[in-house]
Amino acid sequence: MSTLNAPAGLFRPAQHRGRRVIVTGQVGVDKKPFLREIEAMAQQRGRSITLCHVGDMMYDEAPDVIHGRILDLPRARLNTLRRAVFKDILATAERVDNLIVNTHATFRWKHGLFEAFDFDQMIALNADLYITLVDNVDAIHERLTREHDLPHTLKDIMVWREEEMLATEILSHAVRGHGCFFVLARGAEKSTAESLFRLMFEPQRRKIYPSFPMTHVMNMPDVLAEIDNFRDTLAEHFICFDPGDLDEKRLLFEAGAATQRGELTFKLVVHGREMIFNTSDVTAVARDIDGQIYARDFKLIDQSDMIVSYIPELPSGHPALSSGVERELQHAFEGTREVYVIWRPRAEPSPFITETATRVFSTVEDLLNYFQSRGYLGDFQPPLPGTRPTGAPKSRGRHG
């Protein structure tokens, strides 16, 4: 059901000045600290955000329910509680400038799989953005074992994540239409709160998928430093959906190393805490991890305006060009996204690069100069490092 043919009385065009955002995520992704970071960021920049945590509000509405047991309630009472809380949220939305609703799209509990929202109330809210926050499977596992009494397997975590993403995307398409749903990783090394803030308040910024080799350069610190500089530079100026913000390959690498050593378990530090993983548990979900990486990266490309691929030069002089990067470039091209390549090797790029690229550049600086000439960098942007005041951007390749 779309907003165009919703039953009378359900849909009401939004009259609010600010932004309304639905943020979902599986149990264990720990959304509240992430959202509080965005709230503080907004305050520092002269904006206000009101956070509504549906779970906390439901416990406040039902003080007789023991914390952590609310999903054990009969479905009828659970639904009544949720509707009462969301009615309060709808009232709050009418009197605040900007609102983020922290909720879930689905639950898997003793009742099985069921929805965690009421469609008519979601239509009434008419949120501008629908975000599913995701995190590494090992990070979710660590939080679940530390904070929740919830039996689970690594496979369970991956299934719950996919269910939450799919249900949120379907909801966003039904209520708001195409282009309002985004998958956002919390960040493996640093928080991505800035990206959500920009999606809310600076939607004019271009959305970029940074593409770069990962696996076969992981033991090359100089090359990794180049790539990190590229990623940081793009993140400074744009909304980036960086595939490196979710790093689950390390689980597979550690499990593979343990297998070679003949060990049944291995240790991994997660959130500063040493966790023990069974090698067989990780290898059992290896295909799931690879499959979700493949599908999720394409999803990140689809929700971006463009892809920018950084191809460094290996110590041997050869291009550090992986099959994954080539596939990402092809997917972006076929999806009619703008495709930009920063080609660092001395060897000329092959036609498989130049024939799919909108433009090929020699340096990150040249790319930024080109973006500035196209108006992709607005007044809200910080000054460009090393920007040339005059002259055409240097580029090469078929479109250069």
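The values are calculated or read from the model by the stated rules, or taken from the named source; none is laboratory data. Note that the structure is predicted; figures quoted are calculated from it, not measured. Neighbour counts are summed over all protein chains in view; Cβ atoms, including those assigned to glycine, are modelled from backbone coordinates with ideal geometry.
Can you find a residue that is at pLDDT below 95, under 30 Å from residue 295 (Cα atoms) and out of contact with any Cys (no Cβ under 6 Å at 6 or more places or on another chain) anywhere in the range 95-107?
yes
Could you list all residues from the range 193-224 that are of a type in the set (A, V, I, L, M) and either in contact with a strand residue (DSSP E or B) (Cβ under 9 Å, 6 or more places away or on another chain) or within 22 Å of residue 329 (Cα to Cα) (or both)?
So the first thing to find is which residues in the range 193-224 are of a type in the set (A, V, I, L, M), and the list is 193, 196, 199-200, 208, 214, 217-218, 220, 223-224.
The answer is 196, 199, 200, 208, 214, 217, 218, 223, 224.
Out of the range 232-249, which residues are in contact (Cβ under 8 Å) with a residue 24 or more places away in the chain and either in a helix (DSSP H, G or I) or more than 17 Å from the chain's Cα centre (by Cα) (or both)? Give the steps one after another, and end with the answer.
Kept after step one, since they are in contact (Cβ under 8 Å) with a residue 24 or more places away in the chain, are these residues of the range 232-249: 233-249.
Selection gives 233, 234, 235, 236, 237, 243, 244, 245, 249.
Just a yes or no: is a residue in the range 17-34 modelled with pLDDT under 95, assigned to a helix (DSSP H, G or I) and surrounded by 16 or more Cβ atoms within 10 Å (Cβ to Cβ)?
no
Of the numbered conditions (1) surrounded by 15 or more Cβ atoms within 10 Å (Cβ to Cβ); (2) under 23 Å from residue 297 (Cα atoms), residue 103 satisfies every one except a single condition; which is it?
(2)
Do you know which residues across the range 46-79 are touching a residue at least 24 places away in the same chain (Cβ under 8 Å) and outside any helix (DSSP H, G or I)?
Matches in the range 46-79: 47, 48, 49, 50, 51, 52, 53, 68.
Condition first: without any contact (Cβ under 8 Å) to a residue 40 or more places away in the chain and under 29 Å from residue 43 (Cα atoms). Now tell me which residues in the range 89-119 satisfy that.
Listed by number, the residues that qualify are 89, 90, 91, 95.
Restricting to the range 164-193, count the residues that are over 15 Å from residue 129 (Cβ atoms), surrounded by fewer than 20 Cβ atoms within 10 Å (Cβ to Cβ) and within 15 Å of the chain's Cα centre (by Cα).
The number of residues fulfilling the criteria is 6.
Exactly one of these conditions fails for residue 95: (1) in a loop (DSSP other than H, G, I, E, B); (2) touching a Phe, Trp or Tyr at 6+ places or on another chain (Cβ under 7 Å). Give me its number.
(2)
Can you find even one residue in the range 218-229 that is more than 24 Å from residue 314 (Cα to Cα) and in contact (Cβ under 8 Å) with a residue 24 or more places away in the chain? I'd like the intermediate steps shown before the answer.
Of the residues in the range 218-229, the ones more than 24 Å from residue 314 (Cα to Cα) are none.
No, there is no match, as no residue in the range 218-229 is more than 24 Å from residue 314 (Cα to Cα) and in contact (Cβ under 8 Å) with a residue 24 or more places away in the chain.
For the range 121-225, which helices (runs of 4 or more DSSP H) that fit wholly inside it have 3 or more residues that are at pLDDT 95 or above and over 20 Å from residue 104 (Cα atoms)? Talk me through it step by step, then tell me what you get.
Details: elements: 137-147, 154-175, 193-201.
In the range 121-225, 193-201 are the helices (runs of 4 or more DSSP H) which contain 3 or more residues that are at pLDDT 95 or above and over 20 Å from residue 104 (Cα atoms).
Can you spot a residue in the range 293-302 that is aliphatic (A, V, I, L, M) and in contact with a Phe, Trp or Tyr (Cβ under 6 Å, 6 or more places away or on another chain)? Even if it seems obvious, please write down each step before you answer.
Let us first name the residues in the range 293-302 that are aliphatic (A, V, I, L, M), namely 293, 295, 300-301.
So of that shortlist, the ones also in contact with a Phe, Trp or Tyr (Cβ under 6 Å, 6 or more places away or on another chain) come out as 300-301.
Scanning the range 293-302 turns up at least one residue that is aliphatic (A, V, I, L, M) and in contact with a Phe, Trp or Tyr (Cβ under 6 Å, 6 or more places away or on another chain).
For residue 233, only one of the following conditions fails: (1) at pLDDT 95 or above; (2) touching a strand residue (DSSP E or B) at 6+ places or on another chain (Cβ under 7 Å); (3) not charged (D, E, K, R). What is its number?
(2)
Before we move on, is residue 382 modelled with pLDDT under 90 and either more than 18 Å from residue 238 (Cα to Cα) or not aliphatic (A, V, I, L, M) (or both)?
Values: modelled with pLDDT under 90: yes; either more than 18 Å from residue 238 (Cα to Cα) or not aliphatic (A, V, I, L, M) (or both): yes.
It is true that residue 382 is modelled with pLDDT under 90 and either more than 18 Å from residue 238 (Cα to Cα) or not aliphatic (A, V, I, L, M) (or both).
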